[in-house]
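First the structure, in the form of structure tokens, and then the observations on it.
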Amino acid sequence: MASVSHQPVQGMSDIASPDIALWQMIEQRARGIFARYRFSEVRTPVLEKLELFTHSLGDTTDVVTKEMYMLEDRGGRKLALRPEGTAGAVRYVASGGEESSNARIFYMGPMFRCERPQAGRKRQFHQIGVEAVGVPNPLADAEVIALQVHLLSAWGLEGAEIRLNTIGLPEDRAAVVSGLREAIRPRLHELPEEARQRFETNVLRLLDSKDPEVQKVISGVPPVIEFMSAASRAYLDTVIATLRKLEIHVEVDASLVRGLDYYVHTVWEVVHGGLGAQNALAGGGRYRIDVGGKRIDGVGFAMGVERVIAALEATGITAAQFAPPPPVFIVSLGEAALNENLLLMQMLRQRGVACEMELSARKVQAQMRRADRSGAQRVIIRGDSELEKGIFVLKNMIDGTQQEVELPELMCALEKS
RNA sequence: GUGGGUGUAGCUCAGUUGGUUAGAGCGCCAGAUUGUGAUUCUGGAUGUCGCGGGUUCAAAUCCCGUCACCCACCCCA
């Protein structure tokens, strides 16, 4: 049989020890915070009907047109691997009847986008997200942002900054687009060709362009909020005022735009300096999605776990700090002791002690070396003479001392540590 | 999708204008120490030179293709 490549597919990778310790810390602390804010977990399928995403994210967005993994199943049904979590979560909420009108849910899991990989961008990546469903209420937006800040601090992440803006309601859109076009038109000739096309297709996207030529023109344009209705402006003002009351610092950024069509009112992203070109570690906002004949209003965010990890590592936090506690290692001398120690290990494990041993009668030296490498701070040594006397040698690997103990004493020493 | 860089031992990497048997450090295994690790000394094993094809008397080295990784554009978490 021909050998098969051991490489995973492009842009996807195995996540395992020792890195996994950081993932587990992040997920575990997130669950703790979510419980305090009264959000409950939902695990939606990774595979959804294609139209769920084309309808909710927008069928002209880049995520849908260029980045989605699409496939047909054996019955010819058009499906897609989820590129984000909100659509599936909202579909779940829409299926849930009246009590779901105030659903507060969170999710964590893999998402898929078929883009060219680079720093902070994998084809399978992982998000932790929350959705608070309910009619637009600026206090809800502020609460969700507070939750996000709480998460960042629970993880010990320093140096993150929140940028906030509003994109108004769909009713504001026409005024915003024409207002922006009017403001830019006199300097249209200064823009590169590509940007001039975007002027026609999606002016809003010009606002967050990285092109310095474009930025020069954009810097002279009034903030989008100036073109919005009084109500939309008031909504943003209330969000900002509430955050101030909660002592949450945000940077209001008039150039912030989101790439998905479902956003209304408040949008924000969390950026971090330690990340390279993909410097957003989370994105969020209020949305309005029609699914299954229902209109779902909500506010939520998604955090990119890989990016959170990159930011943590940039600030000096490593997986090693969250490595599992050291085990007890059992060294056996001779076949008889090997078999007895198997029983001992089983008993220790049942009493909650993490332990491991060499499962063959290797030389003591080799077993001690392995014990050292396992990180064990205590080693139990038992051979024929110990078996005869009914005792155990308990060695402290840190100071090298050892003592002979009987079973009750041994259990006592190991269980309390 | 576009562009730049990289792929040699488990890991980090060296490898001359193409030249004979492909190297180092770390790690691993063993011995010194027939019942004691992390230190030291001695010895040992590493390998489809990413994969496939081509040029050549001769390819890790040059050419083409391909796969993957890194970085940026684009986009986004």
**Request:** Grab the beta carbon distance between A:THR315 and A:MET70, set R0 = 41 Å, and tell me the FRET efficiency rounded to 0.05.
**Result:** 0.60
**Prompt:** Any idea what angle helix A:138-154 forms with the longest principal axis of chain A, computed on alpha-carbon atoms, 0 to 90 degrees, nearest 10?
**Reply:** 30
**Request:** With the Cα gyration tensor of region A:195-316 in hand, give its eigenvalues times 5 under a square root as the equivalent ellipsoid semi-axes, listed largest first in whole angstrom.
**Result:** 24, 22, 17
**Request:** Figure the gain on full extension for A:ILE398 and A:ALA230 (residue separation times 0.36 nm, minus the Cα-Cα span) and round it to one decimal in nm.
**Result:** 53.6 nm
**Request:** Would you work out which of A:HIS249, A:GLY156, A:PRO223 lies farthest towards the positive end of the dipole of region A:150-251, given +1 charges on the beta-carbon of Lys and Arg and -1 on that of Asp and Glu, about the Cα centre?
**Result:** A:PRO223
**Item:** Inter-site label distance for A:ARG77 and A:LYS216 at 7 Å from Cα along Cβ, in nm
**Value:** 5.4
**Message:** So, taking all protein chains as they sit and a 1.4 Å probe, how much accessible area belongs to A:ILE398, in Å² rounded to tens?
**Reply:** 130
**Complete:** The percentage of the accessible area of region A:325-415 (probe 1.4 Å, all protein chains present) made up of carbon and sulfur atoms, to the nearest whole number, is 49
**Asked** So, in Å, what gap is there between the alpha-carbon centers of region A:363-415 and region A:1-80?
**Response** 46
**Asked** To the nearest 20 debye, what charge dipole does region A:325-415 have about its Cα centre, counting +1 at the Cβ of each Lys and Arg and -1 at the Cβ of each Asp and Glu?
**Response** 400
**Prompt:** Given the options A:PHE392, A:PHE53, A:PHE112, which has the most mean-square fluctuation in a GNM of chain A, springs set between C-alpha atoms less than 10 angstrom apart?
**Reply:** A:PHE392
**Message:** Keeping every protein chain present and rolling a 1.4 Å probe, give me the accessible area per residue for chain A in Å².
**Reply:** 52
**Request:** Hey, for a label at A:GLN24 modelled as a point 7 Å past Cα toward Cβ, could you say which residues of region A:358-377 have their backbone N under 16 Å away?
**Result:** A:374-376
**Fill in**
Given unit charges at Cβ for Lys, Arg (+) and Asp, Glu (-), the dipole magnitude of chain A about its Cα centre in debye, nearest 20, is 360
**Cα-centre dipole for region A:280-344 with unit charges at Cβ (Lys and Arg positive, Asp and Glu negative), debye to 20** = 660
**Fill in**
Descending packing, highest mean Cβ count within 10 Å first, for A:406-415, A:371-380, A:237-246, A:78-87 is A:78-87, A:371-380, A:237-246, A:406-415
**Item:** Normalised contact order of chain A, rounded percent, pairs of Cα under 8 Å and 6 or more residues apart
**Value:** 16
**Request:** Can you tell me which of A:320-328, A:278-286 comes out highest on packing, and rank the rest after it, using the mean Cβ neighbours within 10 Å?
**Result:** A:278-286, A:320-328
**Message:** In chain A, if the dipole is taken from +1 on Lys/Arg beta carbons and -1 on Asp/Glu beta carbons about the Cα centre, which of A:PRO18, A:TYR107, A:GLY293 is farthest to the positive end?
**Reply:** A:GLY293
**Request:** Sum -39500 (n - 2.57) across every DSSP H segment of at least 4 residues in chain A, then divide by the residue count to get the 222 nm mean residue ellipticity, nearest 500.
**Result:** -11000 deg cm²/dmol
**Message:** Between helix A:305-314 and chain A, what is the angle of the helix's C-alpha long axis to the longest principal axis, kept within 0 to 90° and rounded to the nearest 10?
**Reply:** 70
**Calculated log₁₀ intensity ratio I(q)/I(0) where the Debye formula runs over C-alpha points of chain A, q = 0.08, 0.09 Å⁻¹** = -0.59, -0.70
**Fill in**
For chain A, the longest principal axis of the Cα atoms and the Cα long axis of helix A:335-350 enclose an angle in degrees, to the nearest 10, of 40
**Euclidean distance between Cα centres, region A:158-196 to region A:265-319, Å** = 21
**Item:** Contact order normalised by residue count of region A:154-310, Cα under 8 Å, 6+ apart, percent
**Value:** 30
**Charge dipole of chain A about the Cα centre (unit charges at C-beta), most positive-ward option of A:GLN197, A:GLN28, A:GLY259** = A:GLN197
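The values are calculated or read from the model by the stated rules, or taken from the named source; none is laboratory data. Everything numeric in this text was worked out from a predicted model, so none of it was measured. So basically every Cβ, Gly included, is an ideal-geometry build from the backbone, and we count neighbours across all protein chains shown. Surface areas here come from the heavy atoms of the whole protein model, side chains and all, with no ligands, DNA or RNA. Shrake-Rupley method; radii C 1.70, N 1.55, O 1.52, S 1.80 Å.
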